[in-house]
Structures are given as C-alpha cells and as structure tokens.
Amino acid sequence: MMDSRSRHELSKQIEFLSGIRGRHTELVSVYVPAGYEISKVMQQLKDEQGTATNIKSKSTRKNVLGALERAVSHLRLFPNTPPNGLVIFSGNISDKEGVSDIQLFSLEPPEPISVRIYRCDQEFVIDPLKELIEEKDIYALLIIERNEATIGTLKGKNIEMLEHLTSGVPGKSRAGGQSSVRFARLREEAAKEFNERIGEHFNRHFQEMEHLKGIIIGGPGMTKDKFVEGGHMHYELQNKILGTLDTVYTEEYGLRELVEKAEDILADLAITEEKKIMERFFKELINESGLAAYGEKEVRHFLTIGAVDTLLISEDVEKYRVTIRCENCGYGKEITVDENKLKEIEGKLSSMKCPDCENLRMHIGEKVSLEKEFSELAESMNSEVALISTETEEGRQLMLAFGGIAAILRFSGEAPV
Ligand SMILES: [Zn+2]
C-alpha cells in the first residue's frame, strides 16, 4: 500500500514529467513491469536503435538514438528488475531548435506496475503512473472464525489478503482428565485473547490508513458478532463498520465471498453518498450563497481559478473536448461535442478553411472525454470529484436540469458571461 509521502512525491514527478514536450517525436518512455526480464527490454531497445537509424531528419535521428543509448546504459545498472518494476524516460528536453540536451529520468514505482510499454513520442507516457496515485476508496475486510481470522482490503476491484491469524483456542473435545468446567473456561479465555489479538492486528493495519471508507466483517455464526460487540477495534474504526455478513470460507476465498455478499451494502453506500452530495448542491443553490455553479462553461471557469470544492459530474455525460487544428499554421480551437456532432465535423474537415491562414488543412487534434478533462482539471486544483449516477432522482435531475455538470464552490465569484 502506498503511503501519502510516496504518493505526493510521485505526483510531483508526474507533474514535472507531463510538462516536458519534445520538439519532435523524440521522447522515449520505457515501462518494465514487475517480474519482467530486463535483458528482454534491453534487446528491444537495441532493435529500436536499429530502426531509428532510418529516421529522415538528422537532428531527430540523433536525439532518438541518444535517448535510446542513455536508456540502454541505464538498464545495464540493474542486474535484476526491481520488485515493483522500473520506469525510464529519456530524451531531448531542450526547447531550443538544434540544441540537444538529453536527460534521463528513472523511477521505481511505489506499487507494482503491470504494463510493458515502449514508446517514442513528443511527450512522455505517464498515464500508467497517474493510475497508481489515483485515490481509490479502500474497504477493510475481516473474516472471523473461532480458530482463525483473515484481514484484507478491497481497493477498486482488487482484493488483497494482508494477514491470516490462527488462534490457540482448543477444539471442542477436551483431553482426558480435565474437568469440563475448567476446560470450558480455558476455551473461553483463549477465545477472548484471540479476539483481542485480532483487534490489535486490525488496528495496526487500518488505524492510519487514508481513504478507508468502511469495514465489512464476515464469518460463520455468532463469533463475528461477539467480536463486534466486544469493542476490540479502535473506536474510530468501530464507527466505520458497515455491516456483518455470514460467510463460509476463510483466507482468499473467504475475502472474495465476503466482497460478493457485500455488494448491496456497497451499492447502498454509494447511493447514499451521491444523495448527500446532491443535497449539499441543492442547499447552496437555494441559499443563493453563490456557492453553487452549473453548466459546462461556468464550472470550467470556476475549476480553472481553483474555486471548486466539489465537482459533480453525471455518469451520463457523453461528450468530448476536441481541438480542431490547422496543420499549416497551428491555429487551434477547442470545442465540446457529442459523438454525432464529432462525426459531422470529421465529415466536413476536408472542406473547412482555416480562419487564420485560409488553407484547407484542418484536422482533429486532441480528443478527450469531457469527464476526463474536468476530472483532471479538478485534480490539478485539489478539488474533489463526485461521479453521480442516474440511479437516484437527484442524479437524474443533475443530468436533466443542469446538463450533468455542477459544482459546489469554495468561494463565490463572478461567472463568465
Ligand atoms: Zn491555418
């Protein structure tokens, strides 16, 4: 699990790397996944060196070859692939034409990466790193039986087992010679001690954990209920218990079973949260506090100036932010379109004149979903993002009455006309 410091450091590196643009297609990104052989990557880069000798432009060729050379010699420093894999960025970062400044950035990700990438482009490939630091809600999972306990997490769709504990609680049949009363007391004692130990281990895993949304507890029979009633967890954690469920299995199987059975609990929780956020928005709207904003243009403006506390965006918004660009003079214009409009524009591009240079060289440049554009904008300004489904009446209203985009503001301000 990534702590907040490594998350912060990685996010600073990502910000720095995403700011770098090559003058030409000459920036090399290499992702070596955890467990993948470095020598194979090295071979691939050598092959790429061969291909790069065919690049027409002399300066681009020189820079790409230089970037690959740096990457290969950096890889030689690693006898083995680091435990979480390795990411290398290499290329000419000089912004002066004709001047070459080849730099190499290397990092060992704080969590295992599973993608293998080689790309030579005008920018570095950083999306897989971004995914690593995306803040995902975490649920703590606990399965308790009389003789064992399993502790795990649910993060996104990933279930991870953190620990499996076994007790010294003696079985039901006693050894000969022991009085049954004494034996029952011993069993009771041992069970209590085990519960305390589970509590301690559980606290150790979760007390400091960020983004812990809730705790789900499973197990057969009454043992789990006794554990909950016994208050063996830290009280802050105790307050995060979302429910207990009957399960049969332990360890990985048990965790999977628990998550399957918890589906309703988690769905209800998501719906409740959506409703709460929508209610906050409506409250601000009625208050005329100026802390409610809606509509694409208005919300984009407030996002850009860092005024948004929480961005509300409907899952049903199916639009794109597209840049129409002139290949001749570089003129560009950003527009928001749906799928149909985009097709219509694509059909007309060949007869579209550039408003600046009047050439017929217009094409579609960057294309990104509105949801992604807004979410990234929000992230860069530390605004919260709430994706709102249309499962609730409030959610449908967001889509129908407000175009699917709204915001609760930190401070009010003049909206753009
Ligand atoms: Zn033009």
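The values are calculated or read from the model by the stated rules, or taken from the named source; none is laboratory data. No experiment lies behind these values; they were computed from the predicted model shown. Neighbour counts run over all protein chains shown; Cβ positions are idealised from the backbone, glycine included.
Tell me, which residue of the stretch 358-387 that is outside any helix (DSSP H, G or I) and basic (K, R) is surrounded by the fewest Cβ atoms within 10 Å (Cβ to Cβ)?
Taking the stretch 358-387 first, the residues outside any helix (DSSP H, G or I) are 358-369, 381-387.
If we keep only those that are basic (K, R) too, we end up with 361, 367.
On the way: R361: 16, K367: 11.
Only one residue tops the list, namely K367.
Output the qualifying pairs, or none if there are none: Cβ atoms under 6 angstrom, residues six or more apart or on different chains, first residue in the stretch 382-394 and closer than 12 Å to S314 by Cβ, second residue modelled with pLDDT of 90 or more and assigned to a loop (DSSP other than H, G, I, E, B).
L387/E315; S389/E315; T390/D316
Which of the residues belonging to the stretch 336-357 are more than 16 Å from the ligand (Cβ to nearest atom) and surrounded by 12 or more Cβ atoms within 10 Å (Cβ to Cβ)?
Matches in the stretch 336-357: T336, V337, D338, K341, L342, I345, E346.
Can you tell me which residue in the stretch 319-334 is nearest to the ligand (Cβ to nearest atom), limited to those that are in contact with a Phe, Trp or Tyr (Cβ under 9 Å, 6 or more places away or on another chain) and closer than 19 Å to K297 by Cβ?
Keep residues of the stretch 319-334 that are in contact with a Phe, Trp or Tyr (Cβ under 9 Å, 6 or more places away or on another chain), which gives 321, 324-325.
Right, trim to closer than 19 Å to K297 by Cβ and you get 321, 324.
Details: R321: 21, I324: 11 Å.
Of everything passing the filter in the stretch 319-334, I324 is nearest to the ligand (Cβ to nearest atom).
The rows are residues; the columns are (1) in a helix (DSSP H, G or I); (2) within 25 Å of the chain's Cα centre (by Cα).
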residue: R187; (1), (2): yes, no
residue: E193; (1), (2): yes, no
residue: M209; (1), (2): no, yes
residue: G218; (1), (2): no, no
residue: K224; (1), (2): yes, no
residue: H232; (1), (2): no, no
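Could you tell me which residue of the stretch 358-370 is nearest to the chain's Cα centre (by Cα), considering only residues that are within 16 Å of the ligand (Cβ to nearest atom) and of a type outside the set (D, E, K, R)? Give the steps one after another, and end with the answer.
Step one: list which residues in the stretch 358-370 are within 16 Å of the ligand (Cβ to nearest atom), which gives 358-365.
Now narrow it down to the ones that are of a type outside the set (D, E, K, R): 359-360, 362-365.
Working: N359: 42, L360: 41, M362: 35, H363: 32, I364: 28, G365: 26 Å.
Top of the filtered list is G365.
Would you mind finding the one in S100, S114 that is among the hydroxyl-bearing types (S, T, Y), on the phi < 0 side of the Ramachandran plot and over 21 Å from the mean Cα position of the chain (by Cα)? Step through it out loud before you land on a result.
Details: S114 fails: over 21 Å from the mean Cα position of the chain (by Cα).
Of S100, S114, the one residue that is among the hydroxyl-bearing types (S, T, Y), on the phi < 0 side of the Ramachandran plot and over 21 Å from the mean Cα position of the chain (by Cα) is S100.
Could you check, for the stretch 147-160, whether at least one of its residues is in contact with a Leu (Cβ under 6 Å, 6 or more places away or on another chain) and more than 19 Å from E251 (Cα to Cα)?
no
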